[in-house]
1. Counting Lys +1, Arg +1, Asp -1, Glu -1, what net charge surrounds LYS106 among other residues with beta carbon under 10 Å of its beta carbon?
2. Helix 206-221 versus the longest principal axis of the chain: what angle, 0 to 90°, nearest 10, using Cα atoms?
3. Run lengths n ≥ 4 of DSSP H only: what is the helix-derived mean residue ellipticity at 222 nm for the chain, with -39500 (n - 2.57) per run over all residues, to the nearest 500?
4. Quick one: with all protein chains in place, what share of the accessible area of the chain is carbon or sulfur, to the nearest percent (1.4 Å probe)?
5. Considering amide H positions built from the backbone, and no H for Pro or chain starts, which residues 5 or more places from ARG198, or on another chain, come under 5 Å of its amide H?
6. Run through all the Cα pairs of the chain and give the fraction in each 10 Å bin from 0, expressed as whole percent.
7. Note down the net charge around PRO331, summing +1 for each Lys or Arg and -1 for each Asp or Glu among other residues with Cβ under 13 Å from its Cβ.
8. Highest mean first, how do 172-178, 384-390 rank when packing is the count of other Cβ atoms within 10 Å averaged over residues?
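The values are calculated or read from the model by the stated rules, or taken from the named source; none is laboratory data. Since the model is a prediction, treat every value here as computed from it, not as a measurement. No Cβ is skipped: glycine too gets one built from the backbone with ideal geometry, and neighbour counts run over all protein chains shown. Keep in mind that these areas ignore ligands, DNA and RNA; they rest on the heavy atoms of the full protein, side chains included. Shrake-Rupley method; radii C 1.70, N 1.55, O 1.52, S 1.80 Å.
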Amino acid sequence: MTQLPTAVIGAGPIGLAAAAHLLERGEKPIVLEAGATVGASVLQWGHVRMFSPWKFNVDAACRRLLEGEGWLMPPADELPTGAELVTRYLQPLAKLPSMRSVIRTKARVTAISRLRRDKLKDAGRWDAPFLLRLQIDGGREEPLKARAVIDASGSWQQPNPLGADGIPALGETQLQGRIAYGIPDVLGVARKRYAGKRVAVVGSGHSAINTLLDLLRLRDDSPATEVVWALRGDSMQTIYGGGADDQLPARGQLGMRIKAAVAAGALEIAASFPIARVAKVGEQLQLYSDNQWLRVDEVIVCTGARPDFDILRELRLDIDPAVESARALAPMIDPNLHSCGSVPPHGEAELRQPERDFYIIGMKSYGRAPTFLLATGYEQARSITAALCGDWAAARAVQLNLPETGVCATDYADECCGEPALQRNVPSIALDEIPVAAGCC
């Protein structure tokens, strides 16, 4: 077992940070990345400028490795795009000789188990190495043994559906070719798809706000473009964020910009509009919510993501049934419970699973909670790698200093912050109030 590597799944910022910490401690990890390059998922939103500056986006161990080879840290308060995070940080890191030798791209992990031990077997379980099944470049399969496994595969590839019930809306699966998920580059490669179209953006987080603001910029050049914001709820309190009170100014400015756009009538609001069904009507799509409908040309779904546990079926996990994080972590990040303040420091102890020497870190560790920051994942990586190397004092000495949002995240925001919930901007319109040929919002 001591001769086997620690397998790190995912060569994004958190996976590479885990590898860097292991290398500093004299361990040899192997990093398995399904994509063709490091940071493959980040590049899918590479056009988006992050609201956290470089000082929060670079892991300490990675920085030490890079600076040892002459790398210069970008300006601490500069805001990188996703693409810049990859090209100025992750790619130079991956090219270091010590890192290059342990990274395998186009190596997708399709299953994890214990060697000759299925999930049910107790005897000798903790003496058996992990067995990972890999698919190489979309073709041949091969096994890999590991003494420990760190799953930093993220959740970007598993977007939440359009449907408000947690499952795809009726008709959504059949119409997926007409629906975009995540943050499409509407000012770049996807410009032709959206210019001059009536576009509905579904979601209430930062991804939705970024997309809406980009669509409004697109309309400056293509005045026929119409922008509709479809919200499942009708309170804007937490959507607009903390504004000037946010300790990440760029995050606060996002909320202030969209608030100003709404106040100016620059976009249509459909709220409350939980979507139950989508159908094709002529060349357009029609979204249904109770007795309301909304007809558009394009739909962009920005409703977050969820973890994929399929590859972990043969491992013993203790997952919170609601948040879908490690059970001990869930109360710290559950958006139903949290109000003002930052996520408490957490590390190996909170992320520990019944399956010994297996951990989920990074965005995937947050399950369905939407508040993950890179700085959180870096501290997770530091603590867990210390534990795997037997340094329990370092593993327990967790520290996390996150910039606060300046806004409550509880359903009882008026009690917490003393501010009333904001009213929705445009009342929902009943189906029978609009002639079918006219469309509605």
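1. Values: positive: ARG104, ARG108; negative: GLU33, ASP137.
Local net charge: 0.
2. With both axes taken from Cα atoms, the answer is about 50 degrees.
3. On the way: 16 runs with 113 residues, N = 441.
That comes out to -6500 deg cm²/dmol.
4. Working: 9910 of 19830 Å².
Answer for the chain: carbon and sulfur cover 50 percent of the accessible area.
5. Distant-sequence amide H within range of ARG198: GLU226, ASP297, GLU298.
6. 4, 20, 29, 25, 15, 6, 1, 0
7. Working: positive: ARG327; negative: ASP320, ASP334, GLU350.
Value of the local net charge: -2.
8. On the way: 172-178: 13.7, 384-390: 21.6.
In descending order of packing, they fall as 384-390, 172-178.
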